[in-house]
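Where a number appears in this text, it was derived from the coordinates with a stated rule and is not lab data. This structure is a prediction, so every number in the text was calculated from the model and none was measured. So basically every Cβ, Gly included, is an ideal-geometry build from the backbone, and we count neighbours across all protein chains shown.
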Amino acid sequence: MAKKADQAQTDQRVKEICQWKLDGYTRTDILRFAKEKWQIGPDRTDQLIAEATSKIKEINALSIQDNMAILNNQYWNLWRQAAAIGDISEQHRILNSIAKLKGLDKVTINHIVEDKRELADLSDEELDRMLLEGSADASVN
């Protein structure tokens with residue numbers, strides 16, 4: 001019987017299993033690798049696989065939020081560029097994309113494009129709020 005792994009060894013094993021999962025190896029493959037490399041059985045390996053799966057999900061959740069924030073920022077920057085050259089058609093397309101990204105089914109976007117204030121200087125958050133207010137107005141009408 002192999003001696004019990006300390007926390008550092010366990011963390012390293014979870015890290016390796018994460019990589020194996022990301023490389024596309026099946027549970028059967030991982031069970032075999034763990035038995036050969038660490039002399040551990042299927043029950044312990046399944047526990048490590050569960051930890052690895054949890055870590056992967058945690059990392060992906062953060063990545064999704066980060067990516068959504070990046071996309072939102074890029075869309076508003078594109079919108080500002082279109083506004084600067086007066087391309088209303090492009091502004092509409094970008095606003096529709098932002099609305100879809102935010103999961104808005106129906107949105108009134110004309111009020112943003114037709115607003116005579118200097119919108120290019122507004123923050124992304126202020127522009128988001130205007131977009132959401134337009135969505136609320138559209139659902140009432």
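Conditions (1) out of contact with any Gly (no Cβ under 6 Å at 6 or more places or on another chain); (2) more than 30 Å from D29 (Cβ to Cβ); (3) surrounded by 14 or more Cβ atoms within 10 Å (Cβ to Cβ); (4) among the basic types (K, R), marked per residue:
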| residue | (1), (2), (3), (4) |
| --- | --- |
| I49 | yes, no, yes, no |
| A52 | yes, no, yes, no |
| L62 | yes, no, no, no |
| A69 | yes, yes, no, no |
| W76 | yes, yes, yes, no |
| A82 | yes, yes, yes, no |
| G86 | yes, yes, no, no |
Cβ-Cβ under 8 Å pairs, at least 6 apart or on other chains, the stretch 2-21 side exposed (fewer than 15 other Cβ atoms within 10 Å of the Cβ), far side of a type in the set (F, W, Y): A2/W38
Qualifying residue in the stretch 55-78 (condition: in contact with a Phe, Trp or Tyr (Cβ under 9 Å, 6 or more places away or on another chain) and polar (S, T, N, Q)): no
Residue in the stretch 26-40 that is buried (at least 17 other Cβ atoms within 10 Å of the Cβ) and charged (D, E, K, R) present: no
Residue check for I59: among the aliphatic types (A, V, I, L, M), assigned to a helix (DSSP H, G or I), under 27 Å from the mean Cα position of the chain (by Cα) and within 30 Å of I98 (Cβ to Cβ): yes
